[in-house]
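These notes concern the structure reproduced below.
A short reminder: the numbers here are calculations on the coordinates, not readings from a lab. None of the values given here were measured: they were computed from a predicted structure. Cβ coordinates were reconstructed from backbone atoms using ideal geometry, including for glycine residues, and neighbour counts include every protein chain displayed.
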Amino acid sequence: KSCMILALDVSDREEALKIAEDVSEFVDAVKVGYPLVLATGLGIIRELSEFAPIIADFKVADIPNTNRLICEQVFEAGADAVIVQGFTGRDSLDACIEVASEYGKDVFVVSEMSHPGGAEFLQPVGETIARMAAQAGAFGLVAPATRPERVKAIREIIGDKLTIISPGVGAQGGKASDVIAAGADWVIVGRSIYRADSPREAAREIAAEIEAGPNGEN
Ligand code: BMP
């Protein structure tokens, strides 16, 4: 287990496939979202799934019926998990989890976001969404690597039941080993890998940094 997910926000199909192949040794999953899917089509999900499990980041945030319809398309396309927003409430989340369980797939819920604006909705919204996600039986949460102390607080609330995946490492200023130490299971890394001269070397370095721990002490 490398504890790392690649956020593949490129817009070229060939480039996406090449990077996914090059880094596959160092990542446990590839996160695919609007930039790549809108540019290349939903079929990219199945193509990439040759290299790693695919987390479809569509930040699903609608009424229950529409959420259900979206999630059906996502899982039919071959995704292994979907990312949904938590703020739309329990019924909307339940719809996603129901569809996921019909397909034997997983749901990750965003409790709060990693960018500066994400700090406008921390306590108690992040805690409330995290609790709701745990009660609803979500597989995991998305929580910010830019604020390891928030990951720690959320981890204390949800216990060990949910998997925390954490974006914001590198380009947004977060440090991978810090947020793993704070309780995240996986970091999500995009630009620091796909914009590097050698994505493979960049992924290898982050994996090594995680392995070494916050003070290089592990
Ligand atoms: P990068 O490492 O290039 O900053 O990419 C982070 C990825 O995680 C992007 O795909 C972004 O949309 C996503 N993300 C995030 O950065 N913060 C969040 O709170 C939730 C996200 O999904």
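For the range 85-190, the Kirkwood hydrodynamic radius comes to 13.5 Å, computed from all pairs of different C-alpha atoms.
Straight-line cross-link reach from K31 at under 18 Å between alpha-carbon atoms covers these lysines, not counting any fewer than eight positions away in the same chain: K1, K18, K59, K105. Only one residue of V169, V151, A202 has its Cα farthest out toward the positive end of the dipole of the chain, where Lys and Arg carry +1 and Asp and Glu -1 on Cβ, and that residue is V151. Of the GluC sites (Glu not before Pro) found in the range 138-217, the ones in coil according to DSSP and having at most 10 other Cβ atoms within 10 Å of their Cβ are E217.
The 3J(HN,Hα) values that the Karplus relation (6.51, -1.76, 1.60; θ = phi - 60°) gives for the range 137-148 are, in residue order, x, 5, 6, x, 10, 9, 9, x, 6, 6, 9, x Hz. Gly and Pro appear as x. Scalar couplings 3J(HN,Hα) for the range 15-30, obtained by applying the Karplus form with A = 6.51, B = -1.76, C = 1.60 to θ = phi - 60°, are 4, 4, 5, 5, 4, 4, 5, 4, 9, 4, 5, 10, 10, 8, 7, 10 Hz; x denotes Gly and Pro.
Using R₀ = 25 Å, calculate the FRET efficiency as 1/(1 + (r/R₀)^6) where r is the Cβ-Cβ separation of E149 and F87; round to 0.05. After rounding, the FRET efficiency stands at 0.75. Annotation for A208 and A61: the two label points, set 7 Å from Cα along the Cα-Cβ direction, are 3.9 nm apart. Remark on I188: its backbone amide H falls under 5 Å from those of I5, S166, G168, V169, a criterion applied only to residues 5 or more positions apart or on other chains, H modelled at 1.01 Å from N. The gain in end-to-end length when the R195 to E72 segment is fully stretched comes to 41.1 nm, 0.36 nm per residue minus the alpha carbon separation. Database remark: amide H of F139 closer than 5 angstrom to the amide H of V107 (H placed geometrically; neighbours at sequence offset of 5 or more, or on other chains; Pro and chain starts carry no H).
Relative to the globular-protein estimate of 2.2 N^0.38 Å, the Cα radius of gyration of the chain stands at 0.96. Residues in the range 2-8 carry Karplus couplings, in order, of 8, 6, 9, 10, 8, 8, 9 Hz; the curve used is 6.51 cos²θ - 1.76 cosθ + 1.60 with θ = phi - 60°, and Gly or Pro positions show x.
Comparing I154, I188, I63 in a Gaussian network model of the chain where C-alpha atoms under 10 Å apart are linked, the largest mean-square fluctuation is found at I63.
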